[in-house]
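Inspection log for the structure reproduced underneath, given as structure tokens.
The values are calculated or read from the model by the stated rules, or taken from the named source; none is laboratory data. Predicted, not measured: the structure shown is a model, and the values here were computed from it. Methodologically, a virtual Cβ is constructed for each residue, glycine included, from the backbone with ideal geometry; neighbour enumeration extends over all protein chains shown.
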């Protein structure tokens with residue numbers, strides 16, 4: 001799935017950010033906005049920076065995802081002047097923060113489970129050889 | 001068309017053309033995407049790179065329209081429920097005002113259709129309002145969009161039936177019951193009745209229209 005560390009993950013062909021599993025993109029957006037309120041372009045830039053350029057996002061999917069999160073009450077937005085331009089700035093609501101905490105915990109459980117399975121497989125392969 | 005154009009101007013024009021949303025939502029979406037491209041160009045990204053990173057404008061417009069319409073629908077459902085409650089409140093006001101007139105004791109034969117009509121309207125209002133309230137959840141709406149649409153149409157139909165049949169009933173009854181309002185007074189009452197119904201029907205019809213549009217979007221997605 002990951003290939004090499006230099007290979008960027010495109011959300012069009014990878015299950016991590018695939019449109020069929022929008023939950024992961026939502027989790028990333030909530031994670032970025034937990035740091036500070038940001039507008040759309042800054043969110044995309046911040047995601048790129050924080051992931052070290054690993055996530056090559058389809059930027060067109062970010063805006064509907066932000067609107068979905070706002071509709072479900074996890075984000076709220078205000079129009080304001082940022083660096084001389086009128087922009088829509090998103091921030092996490094209290095419900096969004098709670099959802100992020102729950103998603104983080106679920107994500108850690110998934111990572112732990114996958115790591116445990118991969119660890120065991122590696123150990124078995126090592127014993128067989 | 002599924003490819004992104006090479007210029008921001010063309011991208012925004014195609015995005016605008018592909019949006020199916022209310023005017024206020026259209027302005028907000030176009031402003032937001034225009035700000036995105038302005039930021040990208042300020043970061044020395046070329047127009048072609050910026051547009052291709054966002055993707056085909058029609059696809060983005062479709063996804064944005066769906067979200068904007070679902071959000072509008074959620075507000076619309078509250079309008080609809082408020083309309084039903086306002087109508088219910090108007091009925092209670094009417095019941096309080098009735099005794100002030102001279103038609104407190106009509107012949108008993110006239111009670112049945114009156115009460116039946118009131119009961120049917122109240123039951124439809126409660127059932128329809130309850131159904132739509134339950135369907136505020138987008139997940140449920142995607143599964144039962146047809147039910148939500150049927151409930152909204154039933155409410156509009158019942159409102160029309162109530163106003164038309166109710167006014168006919170009152171006019172017929174006035175010919176039987178002594179001391180009923182004069183035709184001029186009844187005409188004024190009927191006109192007020194129709195005006196209230198029109199005020200209530202507007203959000204109901206708007207909500208039904210949104211439900212129909214969102215149901216179509218949900219099916220096509």
Inset, instruction - Look at the stretch B:164-191 and say how many of its residues are without any contact (Cβ under 8 Å) to a residue 12 or more places away in the chain and part of a helix (DSSP H, G or I). - result: 9
Inset, instruction - Assess whether residue A:26 counts as being within 14 Å of chain B (Cβ to nearest Cβ), surrounded by 15 or more Cβ atoms within 10 Å (Cβ to Cβ), under 22 Å from residue B:40 (Cα atoms) and modelled with pLDDT under 90. - result: no
Inset, instruction - Residue by residue through the stretch B:35-49, note down the ones that are under 20 Å from residue A:67 (Cβ atoms) and buried (at least 17 other Cβ atoms within 10 Å of the Cβ). - result: B:35, B:36, B:37, B:39, B:40
Inset, instruction - Would you mind stating whether residue A:98 is modelled with pLDDT of 90 or more, part of a strand (DSSP E or B), farther than 21 Å from residue B:53 by Cβ and more than 14 Å from every other protein chain (Cβ to nearest Cβ)? - result: no
Legend entry - Members of the stretch A:85-94 found to be surrounded by 14 or more Cβ atoms within 10 Å (Cβ to Cβ) and at pLDDT 90 or above, listed by number: A:87, A:88, A:89, A:90, A:91, A:92, A:93
Inset, instruction - Tell me, yes or no, whether the stretch B:44-64 has at least one residue that is farther than 17 Å from residue B:2 by Cα and at the interface with chain A (Cβ under 9 Å from one of its Cβ atoms). - result: no
Legend entry - Members of the stretch A:29-55 found to be more than 9 Å from chain B (Cβ to nearest Cβ) and within 17 Å of residue B:64 (Cα to Cα), listed by number: A:29
Legend entry - Test result for residue B:28, surrounded by fewer than 19 Cβ atoms within 10 Å (Cβ to Cβ), facing another protein chain (nearest Cβ under 10 Å) and either under 37 Å from the mean Cα position of the chain (by Cα) or touching a residue at least 40 places away in the same chain (Cβ under 8 Å) (or both): yes
Inset, instruction - Specify which of the listed residues (A:31, A:60) is within 21 Å of residue B:4 (Cβ to Cβ) and modelled with pLDDT of 90 or more. - result: A:60
Inset, instruction - Report, by residue number, each residue of the stretch A:56-84 that is free of Cβ contacts under 8 Å to residues at least 24 places away in the same chain, more than 8 Å from chain B (Cβ to nearest Cβ) and surrounded by 17 or more Cβ atoms within 10 Å (Cβ to Cβ). - result: A:77
Inset, instruction - Filter the stretch B:7-21 down to residues that are farther than 17 Å from residue B:35 by Cα and exposed (fewer than 14 other Cβ atoms within 10 Å of the Cβ), then give me how many there are. - result: 1
